[in-house]
Amino acid sequence: MLRKKLLVGNWKMNKTMAETTAFGHASFELLRQAKEKHIDIGVTPPYLSLQTLLNINPKLIIGAQNVHHLPKGAYTGEVSIPMLKELGVSWSLVGHSERRTYFNETDESCNLKVLALLEAGMTPLYCVGETLTEFEKGVTKKVIKKQIDVGLKGVKDVKEVVIAYEPVWSIGTGKNASKEIAEDICGYIRGLLEKKYGADAHLVRILYGGSVKPNNIKEYMDMPNIDGALVGGASLSVESYAELIENM
Ligand code: 13P
């Protein structure tokens, strides 16, 4: 297997520290289960819970949901990469569609974050995806190409990046993209990377995200260019997280 399977739960603005503690204690069993199936697993909790989870189970992949690209300065409300690194956080989402929609993130700002994370030796999990209007207009590939070209501009070692294809219309809607659509776009992304990076493109893990549930995750995992899933709602409970692993 060229690429190890990967399951990441994006908790968004959910779970207090007490709730995270409960999940952390239960996560040892999840890790055991994942190890047996040769799957990497992780979560991206809110900033306040990162330390909590790292203290309990640092063997999980623990990522932030966002970072600022500068190391420090007058940016009220922001969190920098050195702060996260000091905690032991080694991953961060970049450009999640909710950040693009509600917090005005652009491909250009995502690019700064991707480069800063790589420079710090951290893993960016870069999210791309088209809106419903773009999907209906049939311009998905054009949108994705720009997100990949601009977001990853200047990246030298693409193996260190993980990509998630999350069509905006499928996030939190229960309308997951069909496995054919998801494979078509994940394959397209790999093709774009191949043109630029050659064989290294085949080492990049590309995830699908958007209404992934225990009962549909397997469909995606059977696709050649989909290496795992970025899951919101269904990653919140330990039971559901365990079922996702089981069915991958
Ligand atoms: P849902 O799985 O809740 O649709 O969320 C997907 C997502 O945005 C993960 O980052």
Roughly how far apart, in whole Å, are the Cα centres of the stretch 81-145 and the stretch 36-75? 15 Å
Percent of Cα-Cα pairs per 10 Å bin, from 0 to the last occupied bin, for the stretch 124-248, please list those. 14, 46, 31, 9, 0
Expressed in angstrom and rounded, the centroid-to-centroid distance over alpha carbons for the stretch 210-235 and the stretch 164-207 is 12 Å
Whole-Å semi-axes of the ellipsoid equivalent to the chain (Cα gyration tensor, √5λ, descending): 25, 23, 17
Residue-averaged [θ]222 nm for the chain, counting only DSSP H segments that reach four residues, each worth -39500 (n - 2.57): -13000 deg cm²/dmol
Averaging over every viewing direction, what projected area does the convex hull of the Cα atoms of the stretch 207-248 cover, in nm²? 2.4 nm²
Note down the net charge around ALA229, summing +1 for each Lys or Arg and -1 for each Asp or Glu among other residues with Cβ under 14 Å from its Cβ. 0
Return the loop-located trypsin sites (Lys or Arg not before Pro) in the stretch 147-219 (DSSP other than H, G, I, E, B) with at most 15 other Cβ atoms within 10 Å of their own Cβ; answer none if there are none. LYS153, LYS156, LYS175
Order 137-147, 109-119 from most to least packed using the mean count of other Cβ atoms within 10 Å. 109-119, 137-147
The stretch 1-139: percent of C-alpha pairs farther apart than 25 Å? 32 percent
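Read the figures in this text as sums done on the coordinates, not as results from a lab. Model, not experiment: these values are computed from the prediction. Glycine also receives a Cβ, built like all others from the backbone with ideal geometry; neighbour counts cover every protein chain displayed.
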